[in-house]
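Okay, so here's the structure we're looking at.
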Amino acid sequence: MPGPRIDDFEDMFENSPCGYITLGVNGRIARVNKTLLEWIGRSADEMIGKRFSDFLNMAGRIFYETHIAPLLRMQGFFNEFAIDMMAAGGEPMQMICNALEGRDDAGKPLFTRLALLKATDRRRYEQELLAAREAAKNSLANERETSELREQFIAVLGHDLRNPLASISAGARILGRDAKTEKEHQVVAMLQTTVTRMAELIDNVLDFARGRLGGGITLDRNARKPLEPVLHQVIDELRLSSPGRQIEAEYAIDTPVDCDRTRIGQLVSNLVGNALSHGTASQPVRVRAETEDGLFKLSVANGGEPIPQAAMERLFEPFFRGEVRASRQGLGLGLHIASQIAKAHEGVLTVTSTPEETRFTFVMPLR
Amino acid sequence: MGVIERNNVHVRGSADRTMVFAHGFGCDQNMWRFVEPAFEGEFRTVLFDHVGAGASDLKAYDKTKYSTLEGYADDVVEIGGELGLKDAVFVGHSVSSMIGVLAAQKAPGMFGKLVLVGPSARYIDDGDYVGGFSEQQIEELLQFLEANHMGWSAQMAPAIMGNPDRPELGEELTNSFCRTDPDIAKAFARVTFKSDNRGDLAGVEIPTLILQCSEDIIASKEVGEFVHRGIPDSEIIILEATGHCPNLSAPDEVIAAMRTFV
């Protein structure tokens, strides 16, 4: 039985792997190939003489009239138009359509040829992409909103937590003035220690939350004001709150340090607080601050058991807590915040730990 | 950026009277390429793109302003003010018909005559009123627009939009006449097909010509006749042309009909 010949153009038109429609100059269907008729389950008689848009869904018709027909007239072709053709049973059939306008020498339109490809899978894929993009957009908007709320919450929380603490501190000061017995003095000192510690915790928690959710640690640098008095004050406060412990401090700052003094104070407070918690009480905590070779260096050292190797790697991670007695147990944010402050100053915070001493060193460029 | 750049306004010729051409939903001022040249010389002609379409300034697209046809009409009045228009002819295609109806009332004296090509005062059926579409079908259109990006790509936009002085850059790209940011296309479709300007027709006090195609699924004959009945001093001409864009498919017929009126 002879099948179709390879050069049979009539067969190529009718049984092509894509659908063909030819529109006359009046925009009406003049010819449809077999492939398309089979796809949409219609007969040629049904389609010839009708407008192409009669076989599209309403959205497709509007789009055809407002975009495709004008474009065909203006640029003579249209490629990759996604349409739904209505099959005989009324169900939509997703297709991709290319169109070409045939013109005479004067540019007058003679006919329009449409080539159509089934695109059910492709369209499903596109729709899934669109849906995914929409979902991502919505979830991002939600996240932003939540994050904004969180930041507001943090700001309010910080304010509300600091206020009562200030009252407790003021109350303890008043009581301290009239304290007579040894026991009364001890209680007042304990109150002050707790207040200082609590204030540190609040600062660290707020910084951490802000750093994670907001724009990171922001600096208010000022090279004109001296750093040393700030360090003095921080260390004096720590001495007061840890009466049984010795803190030795050495200063050799002979160049102005362009830094955020409050933040550096917080860094020192966190490092010394850490040394007091983990170091042995029988040896002093040694603080040294100096400017040298264009660098500002600050180190805090303590004696006692060295930090285990496994812990060394995770020291600066948030919420990391080593073995420590319950009364000094913190949130594990102190060293993390200190390292973030160092980073914000384009500096580094490093640690060495041997049986002789554990030393944290902060180094930043003087600029 | 001034209104001339914002709306990609092109002025040709220098006659006493001016004719302003406004394109509809879908493409840009190129929709008038076969009609506008016929009036050059006799009229000073003005072509422009609505903000969001063609080579208009996309940065000027304001969601709130352009959520009603009033926003587009304000732009027309602004362009008219900039060019010092008096007693001009406004030719609006499709949705720009109603934009013209609004603009004519916002700035009395600016326009002396209106030509409305394929106008509809409301596309969605409402009780006895037949607009031709259901609410559902318009929602489907909005979905459908997402499937046809018209070759829009955010990466290409700067090349098209950033060179208003070199429009050929944009025109070389496929589908550029109808290319729109998909979000803007959707918003423009929404304002176009969801508007109801039936109440604005009676306020038109200038002579108005309605050009109605014989077979137009976007704006049917009934819809055109409704506009004709609504505008006091109006006449309607039924064109032999079919489809929604006689300005492209049957420019000669459109030009002839306009000549009898202007």
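What the table below lists for this structure:
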| quantity | calculated |
| --- | --- |
| Residue A:346/residue A:252 FRET efficiency (R0 25 Å; Cβ-Cβ; nearest 0.05) | 0.70 |
| Around residue A:285: net Lys/Arg minus Asp/Glu count, Cβ-Cβ under 13 Å | +2 |
| Links that overshoot a 22 Å alpha carbon limit, given the list B:194/B:221; B:63/B:221; B:59/B:194; A:50/B:186; A:50/B:194 | B:63/B:221; B:59/B:194; A:50/B:186; A:50/B:194 |
| Angle between chain A longest axis and helix A:334-344 axis [Cα atoms, degrees, rounded to 10] | 70 degrees |
| Residues whose placed amide H lies under 5 Å from that of residue B:48, excluding near-sequence neighbours | B:10, B:21, B:23 |
| A:122, A:144, A:51, B:33, reordered so the largest accessible area comes first (probe 1.4 Å) | A:144, A:122, B:33, A:51 |
| Charge context of residue A:10, other residues only, Cβ under 12 angstrom, K/R +1, D/E -1 | -1 |
| Computed FRET value (nearest 0.05) for residue A:6 with residue B:215, which takes r as the C-beta separation and R₀ as 60 Å | 0.90 |
| Segment A:141-213, accessible area per residue, ligands and nucleic acids excluded (1.4 Å, Å²) | 70 Å² |
| Positive-end extreme of charge dipole, segment A:9-118 - chosen from A:75, A:57, A:99 (charges on Cβ) | A:75 |
| The protein assembly as shown - Rg (one decimal) and Dmax (whole number), Cα, Å | 38.3, 122 |
| Phi to ³J(HN,Hα) by Karplus 6.51 cos²θ - 1.76 cosθ + 1.60 over segment A:94-104, Hz, x for Gly, Pro | 6, 9, 10, 10, 10, 9, 9, 9, x, 10, 7 |
| Estimated dipole of segment A:141-213 in Debye, rounded to 20 [Cβ of Lys and Arg +1, of Asp and Glu -1, Cα centre] | 260 debye |
| Residue A:312 versus residue A:153: modelled label distance in nm, points set 7 Å from Cα along the beta carbon direction | 3.9 nm |
| Interface A:B - total buried accessible surface [probe 1.4 Å, Å², rounded to 100] | 2700 Å² |
| Positive-pole candidate from A:194, A:175, A:156, dipole of segment A:141-213, charges at beta carbon | A:175 |
| Pairs of Cα atoms farther than 25 Å apart, segment B:24-152, % | 31 percent |
| Karplus (6.51, -1.76, 1.60) ³J(HN,Hα), θ = phi - 60°, over segment A:277-290, in Hz, Gly and Pro reported as x | 6, 9, x, 6, 6, 7, 10, x, 8, 10, 10, 9, 10, 8 |
| Segment A:113-238 - Rg (one decimal) and Dmax (whole number), Cα, Å | 28.0, 105 |
| For segment A:31-102 versus segment B:1-47, the gap between their alpha-carbon centres in whole angstrom | 32 Å |
| Chain B, helix-only ellipticity at 222 nm - DSSP H runs n ≥ 4, -39,500 (n - 2.57), divided by all residues, nearest 500 | -10000 deg cm²/dmol |
| Candidate aspartates and glutamates for bridging to residue A:225, where Cα separation is under 15 Å - those fewer than 8 sequence places away on the same chain excluded | A:254, A:258, A:260 |
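The values are calculated or read from the model by the stated rules, or taken from the named source; none is laboratory data. Note that this is a predicted model, so its numbers are computed, not measured. All Cβ positions, even for glycine, are placed from backbone atoms using ideal geometry, and neighbour counts span all protein chains on display. Protein only, heavy atoms only, side chains kept; ligands, DNA and RNA dropped before computing areas. Shrake-Rupley method; radii C 1.70, N 1.55, O 1.52, S 1.80 Å.
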